[in-house]
Amino acid sequence: MSNDHGNTLGPVKIGILGLGTVGGGTVNVLQRNADEIARRAGRRIDIGIACARDLTRKRSCDTEGIQLVADPFVLVEDPQIQVVVELIGGESPAKDLVLKAIHHHKHVVTANKALIAVHGNEIFDAAQRHGVMVAFEAAVAGGISIIKAIREGLAGNRIESLAGIINGTGNYILTRMRDQGSAFGQALAEAQSLGYAEEDPTFDVEGIDAAHKLTILAAIAYGIPLQFDKVYTEGISAITVEDIKHAQELGYAVKHLGIAKRSDTGIELRVHPTLIPQRQIIASVDGVMNAVLVNGDAVGPTLHYGAGAGADPTASSIVADIVDVVRALTTDPTNRVPHLAFQADAISNIPVVQPDEFETAYFLSMEAIDRPGVLADVTRIFGQLQISIEAILQKEPINEETANVIILTQRTQEKYMNEAVTKLQQLEAILGPVKRIRVEHLNHLAT
Ligand code: NDP
Ligand code: HSE
């Protein structure tokens, strides 16, 4: 294959760290589509070395002709390797491996959102100093090219808000609970067996994985540093089949969303279960599928949809990054697309909004003693705090004395809702904790 000057470009040798779900998928896609990929990249891409802990384990891919090593540092230090593809996951040893690769002037492609969200500022700084690329499309929303879309496709816009289903495991679990009435644990086990879940699945169900991804999306959308520790994070482990049913009766779907939004005081960064109207397209994004709704001031709302996890969809993003890196190998390092979309010296310090200042509507569910006057006491609390009620449902009795009461409120600041919940829980007729799930109509996110 020749370049523009008629020179023949030899193959690029890459090294793949990790041969699990994503590593195996990446080898398969690179081998299956080798000719098409070479025609796009301008030269062939050869997997020189791959690394896994257990070299005796049967793999989902064909490793014939690939040198296999168990020590990942051997791979990152090998002079024949130009691009290191990090698919081990976690912060350690991934951080040391990526920094070592950068110090050896190798480009890096990674699917590791934990690594980028927590250590990305340091990694990109090192990459900038060494003139190498660190590509991370697969770190957010698996097979959807959302990083490229925001960083390049929407570069002319001021991004107002984004909201996404950005964890495939969580969405799979919520879908199974809704459609099959599956128990939470059973649905999680299925997601694990399909290769969707993180090594520690609490990252998926407690919202940490989505918070990693939201950190990355917010950085490239607003030109702010990666600030994982400032994301308000709530998972789906407390959501029940009944919550999902009650939400449906009110015309809503329960989805786990990552939301980044400009407000008067800064940028809201939050990850939590959310009721969204069933008429919104994103409400019908089910199973392992992800979707990210991005509102730009010029383009308006755009919706980006695709598989959020799994071997081949994630490999699709990784291979696209490898092709991008290979195409840019000979370009001037100072003229490449900036890692975080904005030039490194133009990162802004817009504050991240405190949770007390978030403004959303709420779905509340509580067990109440079934006797006259209880609902009046409940509504009085909302009235005192200027919170408007949109709907109240008294559900089927839980037993002879108590019933489940569901309340849908209009938008209010989180600090007022905190006060309302405290007061509700102090009522003698309200038994146990009041459950709350935030409600977003999504059209508000653009304002
Ligand atoms: P797996 O657990 O399936 O694979 C991890 C691989 O890394 C295994 O081959 C393992 O070896 C190897 N490995 C782990 N530790 C070491 C070590 N210290 N030295 C050498 N090799 C090591 O993970 P996934 O493929 O699911 O995930 C990989 C990355 O991709 C993670 O960052 C994840 O967050 C991300 N990701 C995953 C997606 C998915 O759908 N699974 C989607 C998008 C991103 P061995 O096989 O011998 O144990
Ligand atoms: N565990 C992650 C998920 C993998 O389920 O979304 C994709 O990032």
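Data for the structure
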{"item": "The lone exception for V29 - which of (1) at pLDDT below 95; (2) under 20 Å from A309 (Cα atoms); (3) of a type in the set (V, I, T) it fails", "result": "(1)"}
{"item": "Any chance D62 is touching a residue at least 24 places away in the same chain (Cβ under 8 Å), loosely packed, with under 14 Cβ neighbours inside 10 Å and farther than 26 Å from L329 by Cβ", "result": "yes"}
{"item": "Restricting segment 168-207 to residues that are more than 10 Å from ligand 2 (Cβ to nearest atom) and within 26 Å of R262 (Cα to Cα), the residue that is surrounded by the most Cβ atoms within 10 Å (Cβ to Cβ)", "result": "G207"}
{"item": "Filter result for the condition that a residue is modelled with pLDDT of 95 or more, farther than 30 Å from A403 by Cα and aliphatic (A, V, I, L, M), over V337, V378, V326", "result": "V326"}
{"item": "Count - residues of segment 103-135 that are of a type in the set (D, E, K, R) and within 19 Å of T215 (Cβ to Cβ)", "result": "3"}
{"item": "Unique match (being in contact with a Gly (Cβ under 7 Å, 6 or more places away or on another chain) and more than 14 Å from ligand 1 (Cβ to nearest atom)) among G65, G48", "result": "G48"}
{"item": "Flag for A210 being within 15 Å of I259 (Cα to Cα), within 12 Å of ligand 2 (Cβ to nearest atom) and assigned to a helix (DSSP H, G or I)", "result": "yes"}
{"item": "Output for segment 362-384, where each listed residue is crowded, with 21+ Cβ neighbours inside 10 Å and in contact (Cβ under 8 Å) with a residue 40 or more places away in the chain", "result": "Y362, F363, L364, M366, A368, V378"}
{"item": "Selection count, segment 16-59, where residues are among the hydroxyl-bearing types (S, T, Y) and buried (at least 17 other Cβ atoms within 10 Å of the Cβ)", "result": "2"}
{"item": "Flag if R129 is more than 15 Å from ligand 1 (Cβ to nearest atom) and more than 26 Å from the chain's Cα centre (by Cα)", "result": "yes"}
{"item": "Residue among A238, A221, A191, A197 that alone is within 14 Å of ligand 1 (Cβ to nearest atom) and either assigned to a helix (DSSP H, G or I) or over 21 Å from A311 (Cα atoms) (or both)", "result": "A191"}
{"item": "A218 being touching a strand residue (DSSP E or B) at 6+ places or on another chain (Cβ under 9 Å), touching a residue at least 60 places away in the same chain (Cβ under 8 Å) and among the small types (G, A, S)", "result": "no"}
{"item": "Residue count for segment 198-222, restricted to those that are out of contact with any helix residue (DSSP H, G or I) (no Cβ under 8 Å at 6 or more places or on another chain) and either outside the structural domain of I239 (by TED's automatic domain parsing) or within 21 Å of L87 (Cβ to Cβ) (or both)", "result": "2"}
{"item": "Among the candidates G142, G170, residue that is more than 20 Å from P225 (Cα to Cα), in contact with a Pro (Cβ under 8 Å, 6 or more places away or on another chain) and either part of a helix (DSSP H, G or I) or within 14 Å of ligand 1 (Cβ to nearest atom) (or both)", "result": "G142"}
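The values are calculated or read from the model by the stated rules, or taken from the named source; none is laboratory data. Values in this document were obtained by computation on a predicted structure and should not be read as measured data. Cβ coordinates were reconstructed from backbone atoms using ideal geometry, including for glycine residues, and neighbour counts include every protein chain displayed.
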